[in-house]
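Chemist: Structure incoming, see below.
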Amino acid sequence: MNQKLDVFVLSDGVGETALRVARAAFIQFPEMDSTFTKYPFIKKDDQLKNILNMAKEKKAVVLHTIVSKEICEIINEFCQNNGIVYYDILNPIIGTFSQMTHQTPLRKKGLLHELDKNYFDMISAMEFTITNDDGQNPKGLLEADLVLLGISRTSKTPLSLYLANKNIKVANLPLGPTTNLPEQLWDVDKKKIIGLTNDMNVLLKIRRQRMIAYGLNPDTTYSDSDEIKKELDYSNQIYKELGCPVINVADRSIEETAAIIMEKLNFNGYQNS
């Protein structure tokens, strides 16, 4: 029987950083049934007291990314005095950097999410990517930072949206023996093109499951192994003609594939170079 555990995630901002760290840590313990509760925009008030008392009552683990020194001390002291397991995610790092640089930290919440140029660039990239999803706008291929090609179920759209969140303007184009390739594709800088592929058995399984989910017969042309082989052969031929890198997305997460793409195209961290 899985061990159940409540995890309280506290932040004086939106709380996404703390939640991601918490999930990344606890996913390493698959036999633990963890329930995450996020408490954003924490202030020094009755709400904080209620949350801490609830954590004590439920014997929850407390993780937080509080930058306010005063609130941080309240949380840490309460947890220590009441035997609550807690982890202060940011402040040990902030303290270390402060010692290294001999500088005083700002301790200003929400800096990661301020509405600066990067934020608006990300919104612009997201809008571009949505407009240029699934070959909707062939002219956009020439304006994109990155063009993703692939047959159906090679993660083109989720990859595009993930990369757009990192300020990269992405256009993606579906491939297939019966599709007409836009002439603009051949004018795109080949260094900006990535071909996506997948294993036959993975595609077969995904496509059959998709048909079932739609309440349709799983045995269709879309999920036929011979037809899938034709699609794979066709896409591989296009990739060869274009001379573009090819990434197999089988058994890879969106994050892992995105990291490979960013490395291959020399995108610098979260911004395109």
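The values are calculated or read from the model by the stated rules, or taken from the named source; none is laboratory data. Keep in mind the model is a prediction, meaning the values are calculated, not measured. In this analysis, Cβ positions are derived from the backbone assuming ideal geometry, glycine residues included, and neighbour counts consider all displayed protein chains. Heavy atoms of the whole protein, side chains included, go into the accessibility calculation; ligands, DNA and RNA do not. Shrake-Rupley method; radii C 1.70, N 1.55, O 1.52, S 1.80 Å.
Chemist: Calculate, for the chain, the solvent-accessible area per residue in square angstrom, rolling a 1.4 angstrom probe over the heavy atoms of the protein chains.
Modeler: Numbers: 16230 Å² over 273 residues.
Solvent-accessible surface per residue comes out at 59 Å².
Chemist: OK, next. Please give the length that would be gained between Asn180 and Ile130 if that part of the chain were fully extended, namely 0.36 nm times their separation in residues minus their C-alpha to C-alpha distance (nm, one decimal). Don't skip to the end; give the middle numbers.
Modeler: Numbers: separation 50, 0.36 × 50 = 18.00 nm, distance 2.09 nm.
The span from Asn180 to Ile130 would gain 15.9 nm if fully extended.
Chemist: I want to check the label-to-label distance for Asn118 and Leu142. Put each point 7 Å from Cα in the C-beta direction and report it in nm to one decimal.
Modeler: Between Asn118 and Leu142, the label points sit 3.3 nm apart.
Chemist: Still on this model: Report, in deg cm²/dmol and to the nearest 500, the calculated mean residue ellipticity at 222 nm for the chain, where each DSSP H run with n ≥ 4 adds -39500 (n - 2.57) and the sum is divided by the residue count.
Modeler: Values: 9 runs with 115 residues, N = 273.
Calculated mean residue ellipticity at 222 nm is -13500 deg cm²/dmol.
Chemist: How far is it, in nm, from the label point at Asn82 to the one at Glu263 when both lie 7 Å from their Cα along the line to the Cβ?
Modeler: 4.5
Chemist: Take the residue pairs Lys156/Lys192; Lys230/Lys264; Lys156/Lys191; Lys4/Lys58 and return only those whose Cα atoms are more than 20 Å apart.
Modeler: Checking Cα-Cα distances, Lys230/Lys264 exceed 20 Å.
Chemist: Going 7 Å from the Cα of Asp46 toward and past its Cβ, which residues in region 8-25 have a backbone nitrogen under 11 Å from where you end up?
Modeler: The answer is none, because no backbone nitrogen lies closer than 11 Å to the label point.
Chemist: Still on this structure, I have one more. Take Lys229 and Phe29, extend 7 Å from each Cα along the Cα→Cβ direction, and tell me the distance between the two endpoints in nm.
Modeler: That separation, rounded to one decimal, is 4.8 nm.
Chemist: Roughly how many debye, to the nearest 20, is the charge dipole of region 74-222 about its Cα centre, given +1 on each Lys and Arg Cβ, -1 on each Asp and Glu Cβ, and no other charges?
Modeler: Values: 16 positive and 15 negative charges, 56 e Å.
Using Cβ point charges on Lys, Arg, Asp and Glu, region 74-222 gives about 260 debye.
Chemist: Test of understanding: in a Gaussian network model of the chain with alpha carbons linked when under 10 Å, which of Ala24, Ala259, Ala250 would top the mean-square fluctuation ranking?
Modeler: Greatest mean-square fluctuation among the candidates belongs to Ala24.
Chemist: Note down the net charge around Phe128, summing +1 for each Lys or Arg and -1 for each Asp or Glu among other residues with Cβ under 11 Å from its Cβ. Let's see the in-between values first.
Modeler: Working: positive: Lys169; negative: Asp121, Glu127, Asp133, Glu143, Asp145.
Cβ neighbours under 11 Å give a net charge of -4.
Chemist: Could you give the dipole magnitude of the chain about its Cα centre, charging the beta-carbon of Lys and Arg +1 and that of Asp and Glu -1, in debye to the nearest 20?
Modeler: Values: 32 positive and 35 negative charges, 94 e Å.
Rounded to the nearest 20 debye, it is 440 debye.
Chemist: Would you mind checking the tilt of helix 69-81 against the longest principal axis of the Cα atoms of the chain, expressed as 0 to 90 degrees and rounded to 10?
Modeler: On a 0 to 90 degree scale, this one is about 70.
Chemist: How large is ³J(HN,Hα) for each residue in region 241-252, as worked out from phi by the Karplus curve 6.51 cos²θ - 1.76 cosθ + 1.60 (θ = phi - 60°), to whole Hz, x for Gly and Pro?
Modeler: Each residue's phi maps through the Karplus curve to give 5, 7, x, 9, x, 10, 10, 8, 8, 4, 6, 10 Hz.
Chemist: Relative to the present Cα-Cα distance, how much length would full extension add between Met54 and Ile206 at 0.36 nm per residue of separation?
Modeler: Working: separation 152, 0.36 × 152 = 54.72 nm, distance 4.25 nm.
Full-extension gain reported as 50.5 nm.
Chemist: Using R₀ = 35 Å, calculate the FRET efficiency as 1/(1 + (r/R₀)^6) where r is the Cβ-Cβ separation of Phe36 and Lys69; round to 0.05.
Modeler: Numbers: r = 26 Å, r/R0 = 0.73.
Efficiency, rounded to the nearest 0.05: 0.85.
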